[in-house]
Amino acid sequence: HSTDFEVHRNWLAITHNLPLSQWYYEATSEWTLDYPPFFAWFEYALSHIAKYFDPQMLVIQNLNYSSHATIFFQRFSVIFTDILFIYAVRECCRCVNGKRAGKDIMEKPTFILAALLLWNFGLLIVDHIHFQYNGFLFGLMLLSIARLCQKRYLEGAALFAVLLHFKHIYVYVAPAYGIYLLRSYCFTANNTDGSLKWRSFSFLHVTLLGLIVCLVSALSLGPFIVLGQLPQVISRLFPFKRGLCHAYWAPNFWALYNAMDKALTVIGLKYNFLDPTKIPKASMTGGLVQEFQHTVLPSVTPLATLICTLISILPSVFCLWFKPQGPRGFLQCVVLCALSAFMFGWHVHEKAILLAILPLSLLSVQRAKDAGIYLILTTTGHFSLFPLLFTLPELPIKILLMLLFTIYSFSSLKSLFRREKSLLNWLETIYLFQLVPLEIFCEIIFPLSPWKLTLPFVPLLLTSVYCALGITYAWLKLYVSVLTEPVSVRQKAE
């Protein structure tokens, strides 16, 4: 089983056996509780059902406990909580423009969107093979997006506030929510040229939003504030000592940065530009989460990643404010915020790419340009998740599942936009096809080579760096599309 299986079993045990005051201090297992309080209460509720399946799974000292009853309960709990995700997909489909609908139901944008979301390869392997509760959490996110698209702003804001206190990674897209609610709900009208009508500002609407945020935050963090434990909770939620990158580099800018540092180190040693005795022996691909000092390039601090992330998010936020395009503009900003945080964030997990892929699915069935970007991002992002499933029996499963999803994505979107030009140009097509030889090398050729003993990190390095190129390209292409897109007269009026 994956480490996340034990992580959540341990959290069941912690919340079931210990008083609230000890939840964020317990450290018997290395997998300490590091999600916000709402998720801890979610585990607490599950634990009271789990005790009827196997009480031993709720013993804190039973590390790596995995009886058949435990496996069944934890797997079934993920499936059951996906009900919220299914409902959220239904609500999102109701927000999709059906003008492009064909006679065949399988060619309707709503059907294609439902398939792309419900059978998303990344979400399937991360939740149901690896093990997490992302479907439930993305259900909250998609439902909040649907409510904003339906102009039910307070519901959307409340759902997103709750989501942030379930899993704080969603703070990546908080700027998009904040600006969109301010622009569309707190200011109630625009001028004829599309600029903001400042006199339309509603103090009542701002107050209502503020009350929602304060109430949700009080319910979540209030008990820990009373106990004087808020600093401890914050230290668990934001563990900056874990280092710039995860054990497997997420395919982002820092993967390219690390690869460049390693390449310069090799060149420096070969031509005697560097002193071998001063080269640190620690490797960020050794399988451990640790702090790391770069050899040639400047080492990166948490503050530097925060500044880079904020700078990369700003253009999308400015577009949302100065070039409002309704729900589509909001979705574009959500995707760009998620991608920008993924590209430059501190200790980013590879699974965070789903935070951009799922919202982009809603855009992919609306315009051919967005569909092309979606195909690049989803194919590359999903391939980057392959290292999560590293055992031999999982190899054919992950390849077959990804092939099925990828073939459906390409064929359905191509059919939907058959009157448009090709969704991908020849360079983009060649790049995606090169994933095939990369997988053959990493899974078949490399394990049989002598490099496996001397350079065990090479498959992860190649996968991370190659996928980082595609994700960076998709991010830049979407940014160019948003920044250069004109605002129609109808959109200005809205």
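The table for this structure:
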item: Close pairs (6 angstrom Cβ cut-off, 6 or more residues apart or separate chains): hydroxyl-bearing (Ser, Thr, Tyr) in the range 399-420, assigned to a helix (DSSP H, G or I) anywhere; result: THR406/THR379; SER412/ILE112; SER415/GLU107
item: Residue match in the range 278-298 (condition: open to solvent by 90 Å² or more (accessible area, probe 1.4 Å), at pLDDT below 90 and not in a loop (DSSP other than H, G, I, E, B)); result: yes
item: For TRP451: the one exception among (1) loosely packed, with under 15 Cβ neighbours inside 10 Å; (2) closer than 20 Å to ALA352 by Cα; result: (2)
item: Residues of the range 27-67 that turn out to be more than 27 Å from the chain's Cα centre (by Cα) and either of a type in the set (Ser, Thr, Tyr) or closer than 25 Å to TYR170 by Cα (or both), as a count; result: 5
item: Residue count for the range 389-426, restricted to those that are modelled with pLDDT under 90 and either within 24 Å of TRP475 (Cβ to Cβ) or aromatic (Phe, Trp, Tyr) (or both); result: 3
item: Among (1) assigned to a loop (DSSP other than H, G, I, E, B); (2) in contact (Cβ under 8 Å) with a residue 60 or more places away in the chain; (3) surrounded by fewer than 17 Cβ atoms within 10 Å (Cβ to Cβ), the one test that CYS95 misses; result: (3)
item: Test: residue in the range 452-467 that is under 27 Å from VAL365 (Cβ atoms), under 24 Å from the mean Cα position of the chain (by Cα) and hydrophobic (A, V, I, L, M, F, W, C); result: yes
item: Filtered residue count, the range 423-459, keeping only those that are out of contact with any Gly (no Cβ under 9 Å at 6 or more places or on another chain) and within 23 Å of LEU403 (Cβ to Cβ); result: 19
item: Members of the range 8-43 that are among the hydrophobic types (A, V, I, L, M, F, W, C), open to solvent by 10 Å² or more (accessible area, probe 1.4 Å) and part of a helix (DSSP H, G or I); result: LEU20, PHE38, TRP41, PHE42
item: Residue list for the range 331-351, restricted to those being open to solvent by less than 10 Å² (accessible area, probe 1.4 Å), in a helix (DSSP H, G or I) and modelled with pLDDT under 95; result: GLU350
item: Only listed residue being of a type in the set (Val, Ile, Thr) and buried (at least 22 other Cβ atoms within 10 Å of the Cβ), chosen from ILE79, ILE112, ILE86, ILE105; result: ILE112
item: Conditions (1) open to solvent by less than 60 Å² (accessible area, probe 1.4 Å); (2) part of a helix (DSSP H, G or I); number of the one not met by GLN366; result: (2)
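Residues are listed down the side, and each one gets a yes or a no for (1) more than 30 Å from LEU116 (Cα to Cα); (2) among the charged types (D, E, K, R); (3) free of Cβ contacts under 8 Å to residues at least 12 places away in the same chain:
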{"residue": "TRP11", "(1), (2), (3)": "yes, no, no"}
{"residue": "PRO19", "(1), (2), (3)": "yes, no, yes"}
{"residue": "LEU33", "(1), (2), (3)": "yes, no, no"}
{"residue": "PHE53", "(1), (2), (3)": "yes, no, no"}
{"residue": "ALA88", "(1), (2), (3)": "no, no, no"}
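Yes or no, residue by residue, for (1) in a helix (DSSP H, G or I); (2) open to solvent by 90 Å² or more (accessible area, probe 1.4 Å); (3) out of contact with any Asp or Glu (no Cβ under 7 Å at 6 or more places or on another chain):
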| site | (1), (2), (3) |
| --- | --- |
| LYS398 | yes, no, yes |
| ILE444 | yes, yes, yes |
| ALA474 | yes, no, yes |
| PRO486 | no, yes, yes |
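The values are calculated or read from the model by the stated rules, or taken from the named source; none is laboratory data. Predicted model only: the values in this text are computed from it and were never measured. Note: ideal-geometry Cβ built from the backbone for every residue, glycine included; neighbour counts use all protein chains shown. SASA here: full protein model, heavy atoms, side chains in, ligands and nucleic acids out. Shrake-Rupley method; radii C 1.70, N 1.55, O 1.52, S 1.80 Å.
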